[in-house]
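Working notes, beginning with the structure itself.
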Amino acid sequence: MAHPDEHFHTTAHSPHGGGPGWNRRSFLSAVTAGPLAAARAYGQAKPEFAFTQYHNQTADSSLHRRLVEMWTAIGNESSGRIETQVFAENNKHPGSDPAVLQMLVSGEIQFFTLMGGILGNVVPVLNVQQIPFAFRTTAAAHTAMDGPLGAYLREEMATKGIVGFPVGAFDNGMRQIAGRTRPVRTPADLAGLRMRVPDGRMFDDTFRAFGAEPVTVNSSGIYEALQSGKVDAQENPLAYMHSFKHYEVMKYVSMTNHMWSGFNLIANLAAFRRLPRNLRTIIERHATRAVRLQRQDQDRANAEARTQLAARGLLFNDVDEAPFRATLTGVYAAWKPILGTKCWSLLEAAVGKLPI
């Protein structure tokens, strides 16, 4: 909890449900959401629908910029009926993504962006987004998420009180392995490696299959975990590693492309259904535009990050994925019944047969 002298009076409500007392950090985060949020923070007329949007990226990321643009455009087109405050890095919530997901489900916040492997803790079929070596490229993943597989995932989300969007998968990129101690060239190089993973069973199962030791660390704790030696390596898209300055605590980057990672735009179902249909349509249309623009941004950012990380002295190696895929037949066999026949069939229709 912030010290009392960090608070000041405003008519806006706290995103944590704490009433009128915002702390200064929250206020500054809200102002970055655009002129409508700034006007709200200064106590001007209340909108008809006031929402909160969290995401786990930095305030200078393309995800933040596109979300701010999106909600500003929505506010303008709705003539101020909708106003949304966008909070980068989950507003520094100590529970990180898993805790914020519970806030979304309970209605404490209304909008969030989250990767499938963590969303899968509430909606199990969302783990399909993290099936290792299924999506060969980001473009292949986008096509699948915008198509029949994505439509099925949205149906399943709705049963848990969560709204997904027809074009709602912002991009994070292909995930690579990077660490302190050694490069990864073959599956054997992962044996005994303490690998930081997000909170999700798919990550645990994947890296245990390679003989690594998965260590769950929230995204906000990766830097410290590498610095302290709690973990030997992590796996994330390159732009993420660069944005959070992980290059200061790593030496090797192995281009495994072992998973695709995206940020699903999700909403609290009850809050979304309270909106008139025309306002829902406005949100969906601007979400589609923001997602498509951000995907282009992120593709460039990941490409540029390789050059930037190499310039800081990190050592890169490319990887042949074939022996890694061959090691995972047991993982595929175990997850097919968990995800269900329909989900697995839609996945293979999009990406081809997986070795079981």
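The values are calculated or read from the model by the stated rules, or taken from the named source; none is laboratory data. Just so you know, these numbers come straight off a predicted model, no measurement behind them. Quick reminder, even Gly has a Cβ in these numbers, built from the backbone with ideal geometry, and neighbours come from all protein chains shown.
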### Query
In the range 144-162, how many are touching a residue at least 60 places away in the same chain (Cβ under 8 Å) and not in a helix (DSSP H, G or I)?
3
### Query
For residues in the range 130-143 being surrounded by 23 or more Cβ atoms within 10 Å (Cβ to Cβ) and not in a loop (DSSP other than H, G, I, E, B), which is modelled with the lowest pLDDT?
Q130
### Task
Can you run down the residue pairs with Cβ atoms below 7 Å, 6 or more apart or on separate chains, where the first is in the range 280-291 and closer than 15 Å to N76 by Cβ and the partner is charged (D, E, K, R) and modelled with pLDDT of 95 or more?
I282/E77; A290/R66; A290/E69
### Task
Mind telling me which of the residues G75, G107 ends up being at pLDDT 95 or above, surrounded by 18 or more Cβ atoms within 10 Å (Cβ to Cβ) and small (G, A, S)?
G75
### Task
Output the number of residues of the range 57-91 satisfying the condition of being in contact with a helix residue (DSSP H, G or I) (Cβ under 6 Å, 6 or more places away or on another chain), more than 22 Å from M157 (Cβ to Cβ), part of a helix (DSSP H, G or I) and of a type in the set (A, V, I, L, M).
2
### F263 being of a type in the set (F, W, Y) and surrounded by fewer than 21 Cβ atoms within 10 Å (Cβ to Cβ)
no
### Query
Would a scan of the range 113-129 turn up a residue that is touching a Pro at 6+ places or on another chain (Cβ under 6 Å), buried (at least 20 other Cβ atoms within 10 Å of the Cβ) and modelled with pLDDT of 95 or more?
no
## Note on the structure
The residue that is surrounded by the most Cβ atoms within 10 Å (Cβ to Cβ), considering only those in the range 225-260 that are over 16 Å from T138 (Cα atoms) and of a type in the set (S, T, Y), is S254
### Message
The conditions are (1) at pLDDT 95 or above; (2) outside any helix (DSSP H, G or I); (3) closer than 23 Å to L119 by Cα; (4) over 16 Å from the mean Cα position of the chain (by Cα), and P94 fails exactly one of them. Which is it?
### Response
(1)
### Conditions (1) farther than 26 Å from R295 by Cα; (2) modelled with pLDDT under 95; (3) crowded, with 24+ Cβ neighbours inside 10 Å; number of the one not met by A212
(2)
### Task
Could you please let me know if A169 is within 22 Å of Y252 (Cα to Cα), aliphatic (A, V, I, L, M) and at pLDDT 95 or above?
no
### Residue pairs meeting the criteria (Cβ under 9 Å; at least 6 apart or on separate chains; first closer than 16 Å to M255 by Cα and in contact (Cβ under 8 Å) with a residue 40 or more places away in the chain, in the range 224-241; second of a type in the set (D, E) and surrounded by 22 or more Cβ atoms within 10 Å (Cβ to Cβ))
P237/D171
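Considering only residues of the range 293-325 that are basic (K, R) and surrounded by fewer than 16 Cβ atoms within 10 Å (Cβ to Cβ), which is farthest from D189 (Cα to Cα)? Give the steps one after another, and end with the answer.
Within the range 293-325, the first condition is being basic (K, R), and the residues that meet it are 295, 300, 306, 312, 325.
So of that shortlist, the ones also surrounded by fewer than 16 Cβ atoms within 10 Å (Cβ to Cβ) come out as 300, 312.
On the way: R300: 29, R312: 24 Å.
So the residue we want is R300.
Counting only residues that are in a helix (DSSP H, G or I) and within 12 Å of N56 (Cα to Cα), how many does the range 100-112 have? Explain how you work it out, then say what you get.
Step one: of the range 100-112, the residues in a helix (DSSP H, G or I) are 100-106.
When the remaining residues are screened for being within 12 Å of N56 (Cα to Cα), the result is 100-101.
Total satisfying the criteria: 2.
Restricting attention to the range 213-221, does a residue exist that is under 26 Å from T327 (Cα atoms) and either outside any strand (DSSP E or B) or touching a Pro at 6+ places or on another chain (Cβ under 6 Å) (or both)?
yes
Pick from the range 163-212 the residues that are in a helix (DSSP H, G or I) and of a type in the set (F, W, Y): which of them is nearest to W260 (Cα to Cα)?
Keep residues of the range 163-212 that are in a helix (DSSP H, G or I), which gives 187-190, 201-209.
Those still in the list that are of a type in the set (F, W, Y) too: 203, 207.
Numbers: F203: 12, F207: 15 Å.
The qualifying residue nearest to W260 (Cα to Cα) is F203.
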### Query
Somewhere in the range 98-116, is a residue under 14 Å from the mean Cα position of the chain (by Cα) and free of Cβ contacts under 8 Å to residues at least 24 places away in the same chain?
yes
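For a quick check of your reading: which helices (runs of 4 or more DSSP H) sit entirely within the range 250-356 and have at least 3 residues that are at pLDDT 95 or above and more than 23 Å from the chain's Cα centre (by Cα)?
Details: elements: 269-273, 277-311, 322-327, 329-339, 341-351.
Answer list for the range 250-356: 277-311, 322-327, 329-339, 341-351.
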